[in-house]
Amino acid sequence: MCAKKKSGATAYQCSQCGYTQPRWLGRCPDCGAWNTLEETTLSTDNALPLGIPGSGRPGSRPLPLSAVESRDGSRFVLGLPEFDRVLGGGAMKRSAILIGGEPGIGKSTLLLQAAEAARTNGRVLYVSGEESAAQIRSRADRLSLASDRIEVLCTGLLEDITRTLNELNPVFVIIDSIQTVFSPDAGMVPGTVNQLKLCSQELVSWVKERDAVLFLVAHVTKDGTIAGPKALEHLVDTVLSFDRNEEDIRFLRAQKNRFGSVDELGIFQMTAEGLVAVQDPASLFIVTRTGELPPGVAVVPVFEGSRVFLVEIQALTVPAKSAMTRVYSGMIDSSRVSRVAAVLEKRIGLRFSDQDIYVNVAGGVRLAESAVDAALAAALYSARTDIPSPRSTALIGELSLAGEIRPVGRLKPRVKAAKTLGFSRVIAPAAEEGSEAVGDIRSLVSLVFGGKGKP
C-alpha cells in the first residue's frame, strides 16, 4: 500500500489535462503534451493539489430543485449594444465572464467603458495587477468617463482582493488580469496552474453568492488561445475572445456562453474616444470599387449570430513552384478550399492540381458556414480563368461533392440584405423571391459567367 503524501509536499501537474504525478517528465503520460508538467503543492493528506474544488472545503448539503429561486432575465445592461448582444442581452447576475485577447487590443478599455455604464447599478471595483491607479485614471479621462462610484485596487494578492470584495460588496468586478493574482497558499509566483485554479475558484465562488458580475481578463498565448489550464474556461460561465483585423476594427466573439448564443459577433472600431460600435456592419467587409470587379472576387451574404453581413471572398491561383501544391487560406478553412477546388476540377474540368491557391476574406472576418461554397467556387473559377464575376452579383449555396448547389438556412434574410445593399442579382439554390435559382456547379458557372465561362 502506498503511503499518503504529506501536506506541503510537491508534485507535478499537467497544465493541459490536470494529470498529476510525483516526478517531472518531459511529456505528460495522460495527454501526450510536451513540457506541460509544472510544480504544484499538495494541500491535504489525500494529495489533492491546491485550487482543486473540494480540497479541504466543508461539505455542501443537497437542496430540492423546486426550492431554488429562478433568476431568468436578471441581467445588467452594459450600455454597449455590441457587447450586450454577444453576452446574450447583457451580463447575467451571479456570473463569471472570462475575456481574452492579445496585448493592446482594448480589453481594459472595453471593460472600463462597461464599468462606467454599470456604476448606475451600484459600486464598481476595478482590480489591477498590471497598471497603477494613475494609469487607469488617465485612461478614464482620455475616454471622458465618469469615475465616481468606481473603486480601484492595485494589488495581486488574493486575500486583499477578497477582503475588499466583502467590504465594498460591488455589483461589477473587473480583475485585470487573472494571471497576476496569487495566494501564498499556492506559492508566491503568479500565473502558475495552481494559482490560476485556486484564485479563480475563490473569485467565482464569491460572485455566485451575490447579485454581481465578475469579469476576468486573461492573457493569451502566441497561438491566440487563453493562457493557463483549460479548467479555467470550464470554471466560468462565459468565455469571450477579442481579436482584430489589419485595421482598427475589433471583433468580440463568445466561445462559450451558458446564458446566450455563441454565434453573435460584436464589431467595434478603436477611436480616440475608445471603442465605438460600427454603424454599418453589413457593408463593412465589401471593398468599394469603381468599374468592373477584378478576377477572383465574389460576394456572399453570411450570418454571424442574428445579423447578415455581405462579405467579399478573394482568390488567386498561380502555377505551383514545386511538385507539391499548397493552399494558403487564413480566413476560410483550407480543407474547404481544397474540396471546392476538387469539385470544380472533377465536374467542370478546370485544372487546379498544378496550382498554388491563395484565398482571403476582405475585412479579416473568418468564415465557417457552408453557405460560402458557391461564392468560393465562383471566386476560384474567376481566378483560374481570369474572367471577372459580374458586378452587383451575390452568391449563396453549399456545394456537394456531386457538384450540386444545396439549400442553406435562413435564405430569405440573406437575399433581403443583399438587395438592400444594392446587389441586383442574387444567385441561390432555391427560387426565393428576388433571387435566381441554380441547381449545380455547371449551371452556376453558366449563369454567372455566361458565354465567357468554360463549363
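Laboratory data are not the source of any read-out in this text; all were calculated from the coordinates shown. Since we're looking at a predicted model, the values are computed, not measured. Here the Cβ is made from the backbone with ideal geometry for all residues, glycine too, and neighbour counts use every protein chain on show.
Couple of notes before you dig in:
- Remark: segment 75-279 projects, on average over all directions, an area of 10.6 nm² (convex hull of Cα atoms).
- The radius of gyration of the Cα set in segment 159-223, together with its Dmax, comes out at 12.1, 39 angstrom.
- Helix-only mean residue ellipticity at 222 nm for the chain, each DSSP H run of n ≥ 4 adding -39500 (n - 2.57), per residue, nearest 500: -7000 deg cm²/dmol
- Whole-Hz ³J(HN,Hα) from phi, Karplus 6.51 cos²θ - 1.76 cosθ + 1.60, for segment 148-154, glycine and proline x: 6, 6, 10, 8, 10, 10, 9
- Helix 193-208 and the longest principal axis of the C-alpha atoms of the chain enclose an angle of approximately 90°.
- Loop-located trypsin sites (Lys or Arg not before Pro) in segment 238-294 (DSSP state not H, G, I, E or B) with no more than 14 neighbouring Cβ atoms inside 10 Å: R258, R289.
- Neighbours of S424 by Cβ distance under 12 Å: Lys/Arg scored +1, Asp/Glu scored -1, total +2.
- Largest-first principal axis extents, alpha carbons of segment 311-455, Å: 47, 33, 25
- Dipole axis of the chain (+1 Lys, Arg; -1 Asp, Glu on Cβ), positive-most option in V204, A371, S424: A371
- If you take the alpha carbon atoms of the chain and fit the smallest convex hull around them, that volume is 203 Å³ per residue.
- Segment 133-251: C-alpha gyration tensor shape, a/c 1.5 cut-off, then a/b vs b/c: oblate
- Taking the Cα atoms of segment 303-359, the ratio Rg/Rh between the radius of gyration and the Kirkwood radius comes to 1.06.
- Under a model in which nothing but the beta-carbon of Lys, Arg (+1) and Asp, Glu (-1) is charged, segment 286-434 shows a dipole of about 160 debye around its Cα centre.
- Placing pseudo-labels 7 Å out from each Cα toward the beta carbon at K230 and D333 gives an inter-label distance of 1.8 nm.
- Considering only the Cα atoms of segment 65-188, their convex hull presents on average a projected area of 9.5 nm².
- Compared with the dominant principal axis of the Cα atoms in the chain, helix 373-385 is inclined by about 50°.
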